[in-house]
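A.B. asks: Next up is a structure, given as structure tokens.
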Amino acid sequence: MAITRITLPASARRGETIEVQWLIAHPMETGHRSDDQGRLLPRDIITRFECRYLEQIVLAMDLFPAIAANPYCAFTLMAERSGELVFIWAGDHGFEQREVRTLVVTE
Amino acid sequence: MKRLLVLAPLTALLCGAAAREGEQPLASPRSGFEFMTPALQAMQRSDAQNPAMLWVASGADLWKAAPANGKPACAGCHASGLAGVAPRYPAFSAALKRPVTLMQQINHCRATRQEQPAWRDESEPLLSLAAYLGQQSRGLPIEPPQDDRLTPWRQAGEALYRARIGQLHLSCAQCHEARAGQRLAGAVIPSGLATGYPLYRLEWQGMGSLPRRLANCTTGVRAERLTQDEMTQVELYLMQRARGLPWETPAVRP
């Protein structure tokens, strides 16, 4: 279980564009570095992120080794109606993290 | 005689260099925050972007978590939080009869009130809890306690700060006072004000304490690592230098 920090407004008006931001604690080890003994550190990165809103994918991204540890991402979406936002991260060594937030949409 | 003639221009050159050094000392000490790029400043200002907030979040969990032995959680005793506490450390501990840093005090509390083993230096829980405590004082002025029992430690700290050390034979003051604002290769030399520890350093790709940062500098000048007491002495002096500046924990630095 990684620590995440998701920032989005608790409520929005219908049709409003809202910004969603997340941070996740992850080493994002590139697989190109070696330890004190000269042994290669195995790659350990997040490879995929998806955000679903009203059961539809609103953002999907593939992540690669050149991304810094504890990555941050910001994106926007249009508020349609009240519902759940599901955040899913997946990565090396079976890494999986799922978070759910509720967005209240007013007329 | 010939030798003297050769030396003369060199001496003139060195004197010239010395005169130039004195030209641009900063008028007043400035937090490392002011030397950062606008993008990095924005990262520190915004809790949504600041990666150190991940440690603050885990510190908040530790604060509320009671140990399994039935002893109280931190929140059990310090119910109203500890705002204003972090910018007053290091402080004199009557119980330990010596000055202690915030992290040492956390471990002391843990040992005596919670009967738990101390957390290792630079361990994730210790950094997290210190970041959580520090964040409660964000924006408050740094107020080192005016306690006579701290004076000899603070003076020893200043002596260490001004002493030339290591194979490069440099003191803290030579970089962080005489050359603050200038560059060491690509990096701007800050004034050496510890206003935001523990902090997130991009170079570390993680969170670290002031002792970790001091160890970076002693390694940089190829000196032996300071002992734990020496670290506390230097920290006491650094906080005295930063007096009145706003507390920034959890800060971000390049």
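A.B. asks: How many residues does region B:158-177 hold that are touching a Ser or Thr at 6+ places or on another chain (Cβ under 9 Å) and either acidic (Asp, Glu) or not in a helix (DSSP H, G or I) (or both)? Outline the logic, then answer.
C.D. replies: First pass over region B:158-177, keeping only residues touching a Ser or Thr at 6+ places or on another chain (Cβ under 9 Å): B:160-166, B:176-177.
From what is left, the residues that are either acidic (Asp, Glu) or not in a helix (DSSP H, G or I) (or both) are B:163-166, B:177.
The number of residues fulfilling the criteria is 5.
Okay, residues lined up against (1) modelled with pLDDT under 90; (2) β-branched (Val, Ile, Thr); (3) closer than 17 Å to residue B:207 by Cβ; (4) assigned to a loop (DSSP other than H, G, I, E, B):
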residue	(1), (2), (3), (4)
B:30	yes, no, no, yes
B:44	no, no, yes, no
B:47	no, no, yes, yes
B:53	no, no, yes, no
B:56	no, yes, yes, no
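A.B. asks: Something else about it: Which residue, of B:135, B:205, is under 23 Å from residue A:68 (Cβ atoms), within 14 Å of chain A (Cβ to nearest Cβ) and free of Cβ contacts under 8 Å to residues at least 12 places away in the same chain? So that I can check it myself, show each step before the final result.
C.D. replies: Numbers: B:135 fails: free of Cβ contacts under 8 Å to residues at least 12 places away in the same chain.
Just a single option satisfies the conditions, and that option is B:205.
A.B. asks: Name the residue, out of B:184, B:160, B:140, that is closer than 19 Å to residue B:226 by Cβ, hydrophobic (A, V, I, L, M, F, W, C) and away from chain A (no Cβ under 14 Å).
C.D. replies: After applying the criteria, what remains is B:160.
A.B. asks: Let me ask you something else. How many of the residues making up region A:1-55 are away from chain B (no Cβ under 14 Å), of a type in the set (Ser, Thr, Tyr) and surrounded by fewer than 17 Cβ atoms within 10 Å (Cβ to Cβ)?
C.D. replies: Selection size over region A:1-55: 4.
A.B. asks: Here is a further query. Search region B:154-165 for residues that are of a type outside the set (Phe, Trp, Tyr) and pair each with any residue that is outside any helix (DSSP H, G or I) when their beta-carbon atoms are under 7 Å apart and the residues are at least 6 apart or on different chains.
C.D. replies: Hits for this filter: B:162/B:171; B:163/B:171; B:164/B:170; B:164/B:171; B:165/B:171; B:165/B:221; B:165/B:223.
A.B. asks: Of these, B:171, B:128, B:191, which one is at pLDDT below 95 and buried (at least 16 other Cβ atoms within 10 Å of the Cβ)?
C.D. replies: Values: B:171 fails: at pLDDT below 95; B:128 fails: at pLDDT below 95.
Matching residue, one of B:171, B:128, B:191: B:191.
A.B. asks: Among the numbered criteria (1) surrounded by 12 or more Cβ atoms within 10 Å (Cβ to Cβ); (2) hydrophobic (A, V, I, L, M, F, W, C); (3) away from every other protein chain (no Cβ under 14 Å), which single criterion is violated by residue A:60?
C.D. replies: (1)
A.B. asks: Considering region B:221-239 alone, what residues qualify as being within 19 Å of residue B:187 (Cα to Cα) and either free of Cβ contacts under 8 Å to residues at least 24 places away in the same chain or aliphatic (A, V, I, L, M) (or both)?
C.D. replies: Kept after step one, since they are within 19 Å of residue B:187 (Cα to Cα), are these residues of region B:221-239: B:221-222.
The answer is B:221, and nothing else.
A.B. asks: Does region B:197-254 hold any residues that are outside any loop (DSSP other than H, G, I, E, B), among the charged types (D, E, K, R) and surrounded by fewer than 23 Cβ atoms within 10 Å (Cβ to Cβ), and which are they? Even if it seems obvious, please write down each step before you answer.
C.D. replies: Pass one, region B:197-254, residues outside any loop (DSSP other than H, G, I, E, B): B:199-201, B:206-208, B:210-220, B:228-241, B:246, B:252-253.
Now narrow it down to the ones that are among the charged types (D, E, K, R): B:201, B:212-213, B:229-230, B:235, B:241, B:253.
Hits for region B:197-254 are B:201, B:212, B:213, B:229, B:230, B:241, B:253.
A.B. asks: Same structure again: Which one of B:59, B:84, B:70 is on the phi > 0 side of the Ramachandran plot, touching a residue at least 40 places away in the same chain (Cβ under 8 Å) and either surrounded by 15 or more Cβ atoms within 10 Å (Cβ to Cβ) or more than 10 Å from chain A (Cβ to nearest Cβ) (or both)? Show your work before the answer.
C.D. replies: Details: B:59 fails: on the phi > 0 side of the Ramachandran plot; B:70 fails: touching a residue at least 40 places away in the same chain (Cβ under 8 Å).
So the residue among B:59, B:84, B:70 that is on the phi > 0 side of the Ramachandran plot, touching a residue at least 40 places away in the same chain (Cβ under 8 Å) and either surrounded by 15 or more Cβ atoms within 10 Å (Cβ to Cβ) or more than 10 Å from chain A (Cβ to nearest Cβ) (or both) is B:84.
A.B. asks: For region B:114-125, which positions are surrounded by 15 or more Cβ atoms within 10 Å (Cβ to Cβ) and at negative phi?
C.D. replies: In the first step, residues of region B:114-125 are kept if they are surrounded by 15 or more Cβ atoms within 10 Å (Cβ to Cβ); the result is B:114, B:116, B:119, B:121-122, B:124-125.
Matches in region B:114-125: B:114, B:116, B:119, B:121, B:124, B:125.
A.B. asks: Could I ask something else about it? Considering region B:32-42 alone, what residues qualify as being among the small types (Gly, Ala, Ser) and either assigned to a loop (DSSP other than H, G, I, E, B) or surrounded by fewer than 15 Cβ atoms within 10 Å (Cβ to Cβ) (or both)? Working first, answer last.
C.D. replies: Step one: filter region B:32-42 for residues among the small types (Gly, Ala, Ser), giving B:32, B:39, B:42.
B:39, B:42 - these are the residues of region B:32-42 that are among the small types (Gly, Ala, Ser) and either assigned to a loop (DSSP other than H, G, I, E, B) or surrounded by fewer than 15 Cβ atoms within 10 Å (Cβ to Cβ) (or both).
A.B. asks: While we're here: Can we say residue A:87 is at negative phi and either touching a strand residue (DSSP E or B) at 6+ places or on another chain (Cβ under 6 Å) or within 14 Å of chain B (Cβ to nearest Cβ) (or both)? Give the steps one after another, and end with the answer.
C.D. replies: Numbers: at negative phi: yes; either touching a strand residue (DSSP E or B) at 6+ places or on another chain (Cβ under 6 Å) or within 14 Å of chain B (Cβ to nearest Cβ) (or both): yes.
When the stated conditions are applied, residue A:87 passes them.
A.B. asks: Among B:99, B:87, which is closer than 24 Å to residue B:237 by Cα and in a strand (DSSP E or B)?
C.D. replies: Numbers: B:87 fails: in a strand (DSSP E or B).
Result of the check over B:99, B:87: B:99.
The values are calculated or read from the model by the stated rules, or taken from the named source; none is laboratory data. All figures in this text were calculated on a predicted structure; none of them were measured in a lab. Every residue, glycine as well, gets a Cβ built from its backbone with ideal geometry; the counts of neighbours run over all protein chains shown.
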